[in-house]
Structures are given as C-alpha cells and as structure tokens.
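Asker: This structure is in structure tokens; I'll ask about it shortly.
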There are 2 protein chains.
Amino acid sequence: MFDAYGTLFDTDSVTAQSDREFPGHGSELSHLWRSKQLEYTWLLSLMGEYQEFWEVTRKALRFSCHSLGLVLNDTNIRTLMNEYYRLRTFSDTLPTLEKLTEFRLAILSNGSSDMLERLVNNAGLSSTFEKIFSVDVAKIYKPSPRAYQIVCDGLTLEPSEIGFVSANSFDVIGAARFGLQTFWCNRTNTQLDELDVDPMVEITSLQELPIILNR
Amino acid sequence: MFDAYGTLFDTDSVTAQSDREFPGHGSELSHLWRSKQLEYTWLLSLMGEYQEFWEVTRKALRFSCHSLGLVLNDTNIRTLMNEYYRLRTFSDTLPTLEKLTEFRLAILSNGSSDMLERLVNNAGLSSTFEKIFSVDVAKIYKPSPRAYQIVCDGLTLEPSEIGFVSANSFDVIGAARFGLQTFWCNRTNTQLDELDVDPMVEITSLQELPIILNR
C-alpha cells in the first residue's frame with residue numbers, strides 16, 4: 001500500500017509550472033501551497049468538516065498566492081491545478097513498482113478518486129495497482145484512523161497484514177499507530193516527527209523495498 | 001473570551017532566549033518551534049490522541065532543534081521551555097484589558113492549566129480573568145468543536161452569547177464555525193485562511209475592542 005503525493009508522485013513537480021506563471025516565485029509558492037494543503041486537511045478534519053482534496057488544494061493555492069502577493073486569475077488557477085493530474089513520479093517509483101509484481105499493490109491517498117485515477121493513468125500505471133483508495137470514502141483525512149481503516153475494509157485484511165509506504169512523516173506515524181506495517185521513505189534525510197511512534201522500517205529510496213521484502 | 005498564545009501573549013518573545021542559546025538561530029528556531037507546536041496539536045487530535053501542551057511544546061522544540069542541526073541538552077530545554085511561563089504580553093494587551101472592566105473576561109487556550117496559571121500570574125493578570133479554561137478538560141485541541149464547547153459548559157452560556165478574540169486564523173475560524181461571536185486580531189496584516197468561515201469582526205489591534213464593544 002502506497003501513499004501517492006510525495007511518495008510515488010513528486011508534488012514539487014508543480015514548481016516549474018508555478019515558476020512559469022509567477023517567475024522567480026515557483027519554489028516559494030509550491031512549498032507554501034503544499035504545506036497549506038496539508039494544514040487545511042488537518043484543520044477541516046479536526047473541525048468535523050470535509051471538503052474534497054481538489055477543493056482543498058484550490059483553496060490552499062489561493063491562500064498561498066494572496067499571502068505572497070501574487071495575483072491569481074482563472075487561467076493561472078486552472079493551469080496550476082491541472083498540474084495535479086500529471087505530477088511526475090520520483091526516479092525510484094517505476095523501477096520499484098516493476099520489481100514488486102508478486103505483491104498486491106494499492107494506493108491510499110488524500111486525493112479524490114477522480115484526481116487519483118487521472119494521475120495514475122497519466123503516469124501509465126493504471127494496470128499496476130489492484131485498488132486505488134481515496135479517503136473520500138470516509139470523508140476525513142489522514143492521519144485519522146478512519147482513513148487507514150478504509151484499506152482494511154476494502155481488502156478484507158487485518159492492519160498487520162498490510163505494508164504501508166509513505167514519505168510523509170505524519171502519514172507513516174498515523175499508519176503505524178493504526179497498526180499497519182510501515183515503511184518510511186525518507187529520501188531527503190529529514191527528521192521524523194516526535195509523535196511517539198516510529199515506523200517499522202526507514203528507507204532512503206523506494207528501491208530498497210524489493211530488497212527488504214524479498215529477503 | 002481570549003485566546004492566550006499569540007493573542008494576549010507573544011510567542012515570539014522566546015526568540016531572544018532562543019538566540020542566546022543558539023546565537024544566530026533565534027528567529028528561525030522560534031518560528032519552526034511554534035509552527036510544529038501547532039501542527040502536533042492538530043496531528044495528535046486527528047489521530048485521537050492527547051498529550052498535554054507542555055509535552056507537545058517540548059517535543060516540538062526537540063524536533064525543531066534536531067531539524068535545524070542544533071544540539072539540545074537538558075539545560076537548553078529547561079531554559080527555553082521556562083520561557084513559556086513568562087511570555088511577554090503584546091503592547092496592546094494590558095491597555096485593552098484595563099478598559100474592559102465591565103465585561104466578564106476569560107481565557108480559552110491550548111495550554112495546560114498549570115502553564116496558563118503561571119503565565120497569567122507572571123504577567124500580573126491573575127485578578128483580571130473570571131476563569132481560565134484549558135482544552136485539557138476535553139483532551140482535544142482547537143479547532144475541534146469540543147474545545148470551544150468547554151467555555152459554554154463552564155459559563156453556562158450559549159455560543160452566541162460569548163465573544164471570542166484570537167489572533168490565530170485557524171482558531172477564530174474554528175470558533176466562528178462553532179457559533180461564537182468572533183474577533184480576529186490581525187496585527188500583522190496576514191491573510192485569513194480559506195476555510196469558508198469568516199470572523200465576525202477583523203481588528204488590527206486589541207485596542208479596537210473597547211471602542212467596538214462600548215459602541
């Protein structure tokens with residue numbers, strides 16, 4: 001079971017397009033955008049509210065632009081939002097998935113089903129995954145336990161029978177707390193969040209996965 | 001009803017001490033510390049977990065230092081954490097509270113009761129507030145509706161009978177969504193978060209409050 005954004009797909013691949021729309025501000029904008037996007041999923045969930053990830057992503061973009069003094073119009077918004085349908089995979093994504101053919105592969109993501117299907121199709125991965133789960137079913141975002149419960153229900157498996165791979169520290173912590181087997185893909189040597197739960201395994205590239213799993 | 005951290009008390013007042021402990025890194029450290037502190041309250045709450053604010057604050061400090069490559073020891077931790085007992089009030093805090101004597105004044109904060117009592121005492125404000133409410137009673141952090149419910153239960157008032165003042169965008173949005181009358185103190189001309197609820201009133205200094213309320 002893989003997380004999508006930041007794990008299989010590089011959310012930083014919106015930087016180039018952001019920089020075309022707002023020259024000199026691409027990196028600043030894409031980082032604030034991603035960070036607000038996550039913050040909004042947490043805040044909404046905590047307020048007992050739910051809005052689809054597309055909507056959350058659009059609002060985070062609007063906030064980020066206003067906050068940086070960048071003037072958005074409908075064309076900017078459409079162009080930048082469409083980047084979420086065609087995020088690049090990381091360089092270790094495809095070589096890893098190709099080697100995991102003996103496993104049942106799936107995705108669990110904050111993205112809405114439509115966003116995920118288009119993303120996976122555009123990356124040529126539509127036949128790679130047995131199932132693509134969106135938190136949309138539970139109407140609450142990760143790291144709520146209800147988000148991880150979706151995959152157990154959908155695959156009729158116990159938490160401990162599922163291996164979950166994420167590059168997002170909060171996600172792998174939420175999954176570990178829920179009881180999934182967890183693999184933290186820490187590509188950029190970042191610090192694990194101090195939330196009292198450690199992932200089962202830490203790797204620096206997805207390509208370590210086939211080696212570990214086939215041991 | 002006032003929020004404490006960032007509203008009556010300036011969390012940036014830890015910057016000077018941070019800079020004494022880690023010369024040249026005070027501002028960077030205090031900003032990351034505050035931002036991780038809030039992030040951890042949201043993530044823990046969303047995972048259905050609760051840890052006291054003191055503990056959350058300590059963990060956010062540890063993460064921030066590790067993340068910035070700053071080496072913490074027990075003395076650093078104690079010195080920096082103790083700053084949370086004696087945060088400075090903002091320049092508009094005392095002049096405002098002095099003019100609101102005809103109102104019942106209270107605090108609702110993420111801080112644990114012990115932290116809040118020491119903070120308020122150290123600022124010489126112990127006789128100013130009728131009650132000091134900590135989310136500790138509900139064991140969940142703002143902006144959960146359960147955090148705001150505490151004040152209605154504690155004062156036996158309906159949400160619409162309570163005016164809530166916060167400088168934190170997410171807090172004033174959570175309070176407005178819950179049904180409190182809300183006043184957003186936007187001292188630094190920041191952008192309101194795009195979460196579909198607007199505060200009733202926006203002010204740029206607490207000193208506008210007595211004018212508005214006595215109208």
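The values are calculated or read from the model by the stated rules, or taken from the named source; none is laboratory data. Quick caveat: nothing in here was measured; it's all calculated off a predicted structure. Counting neighbours? That spans all protein chains shown, and the Cβs are built from the backbone with ideal geometry, glycine included. Keep in mind that these areas ignore ligands, DNA and RNA; they rest on the heavy atoms of the full protein, side chains included. Shrake-Rupley method; radii C 1.70, N 1.55, O 1.52, S 1.80 Å.
Asker: Could you grab me the full set of residues in region B:128-138 that are among the hydroxyl-bearing types (S, T, Y) and either assigned to a loop (DSSP other than H, G, I, E, B) or facing another protein chain (nearest Cβ under 9 Å) (or both)? Walk me through how you get there before you give the answer.
Answerer: Of region B:128-138, the ones among the hydroxyl-bearing types (S, T, Y) are B:128, B:134.
Answer for region B:128-138, where residues must be among the hydroxyl-bearing types (S, T, Y) and either assigned to a loop (DSSP other than H, G, I, E, B) or facing another protein chain (nearest Cβ under 9 Å) (or both): just B:T128.
Yes/no per residue for (1) of a type in the set (G, A, S); (2) assigned to a helix (DSSP H, G or I); (3) open to solvent by 50 Å² or more (accessible area, probe 1.4 Å); (4) closer than 16 Å to A:M1 by Cα:
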site	(1), (2), (3), (4)
A:I140	no, no, no, no
A:Q149	no, yes, yes, yes
A:D171	no, yes, no, yes
A:T190	no, no, yes, no
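Asker: If I ask for residues that are touching a residue at least 40 places away in the same chain (Cβ under 8 Å) and of a type in the set (V, I, T), which ones from region B:136-158 would you list?
Answerer: B:I140, B:I150, B:V151 - these are the residues of region B:136-158 that are touching a residue at least 40 places away in the same chain (Cβ under 8 Å) and of a type in the set (V, I, T).
Asker: Could you tell me whether region B:53-65 includes any residue that is β-branched (V, I, T), open to solvent by less than 70 Å² (accessible area, probe 1.4 Å) and over 24 Å from A:K142 (Cα atoms)? Let's see the steps before the verdict.
Answerer: To start, the set of residues in region B:53-65 that are β-branched (V, I, T) comprises B:56-57.
So of that shortlist, the ones also open to solvent by less than 70 Å² (accessible area, probe 1.4 Å) come out as B:56-57.
Now drop any that are not over 24 Å from A:K142 (Cα atoms), which leaves none.
Checked against the condition, which is being β-branched (V, I, T), open to solvent by less than 70 Å² (accessible area, probe 1.4 Å) and over 24 Å from A:K142 (Cα atoms), region B:53-65 yields no hits at all.
Asker: Within the set of pairs 6+ apart or on separate chains, which have a first residue in region A:1-18 that is farther than 20 Å from A:K131 by Cβ, a second that is open to solvent by less than 20 Å² (accessible area, probe 1.4 Å) and among the small types (G, A, S), and C-beta atoms under 7 Å apart?
Answerer: What qualifies is A:D12/A:S30; A:V14/A:S30; A:T15/A:G26; A:T15/A:S30; A:A16/A:G26; A:S18/A:G26; A:S18/A:S30.
Asker: Restricting to region B:192-208, name every residue that is open to solvent by less than 70 Å² (accessible area, probe 1.4 Å), under 18 Å from the mean Cα position of the chain (by Cα) and not small (G, A, S). Working first, answer last.
Answerer: Here is the first cut: in region B:192-208, the residues open to solvent by less than 70 Å² (accessible area, probe 1.4 Å) are B:192-195, B:197, B:199, B:201, B:203, B:205-206, B:208.
Add one more test, that the residue is under 18 Å from the mean Cα position of the chain (by Cα), and what stays is B:192-193, B:199, B:203, B:205-206.
Passing the criteria: B:L192, B:D193, B:P199, B:I203, B:L206.
Asker: What are the pairs, 6+ residues apart or on separate chains, where a residue within region B:27-48 that is more than 9 Å from every other protein chain (Cβ to nearest Cβ) and within 15 Å of B:N168 (Cβ to Cβ) has its Cβ under 7 Å from a residue that is among the hydroxyl-bearing types (S, T, Y) and assigned to a helix (DSSP H, G or I)?
Answerer: Close Cβ pairs satisfying both conditions: B:R34/B:T11; B:Q37/B:T57.
Asker: May I pose another question? Do we find that B:L80 is part of a helix (DSSP H, G or I) and assigned by TED's automatic domain parsing to the domain that holds B:R146 in this structure?
Answerer: In short, no.
Asker: So A:Q37 ticks every box in (1) assigned to a loop (DSSP other than H, G, I, E, B); (2) closer than 30 Å to A:E208 by Cα but one. Which box is left unticked?
Answerer: Condition not satisfied by A:Q37: (1).
Asker: Quick one: count up the residues across region A:49-60 that are more than 11 Å from every other protein chain (Cβ to nearest Cβ) and more than 15 Å from A:Y84 (Cα to Cα).
Answerer: So the count comes out to 1.
Asker: A further question follows. Looking at B:S113, B:S126 in this structure, which one is at pLDDT below 95, polar (S, T, N, Q), out of contact with any Phe, Trp or Tyr (no Cβ under 6 Å at 6 or more places or on another chain) and open to solvent by 50 Å² or more (accessible area, probe 1.4 Å)?
Answerer: Values: B:S113 fails: at pLDDT below 95.
One residue alone meets the criteria, B:S126.
Asker: Right, next: If you scan region A:75-90, which residues turn out to be open to solvent by 30 Å² or more (accessible area, probe 1.4 Å), in contact (Cβ under 8 Å) with a residue 12 or more places away in the chain and of a type in the set (S, T, N, Q)?
Answerer: A:T79, A:T89
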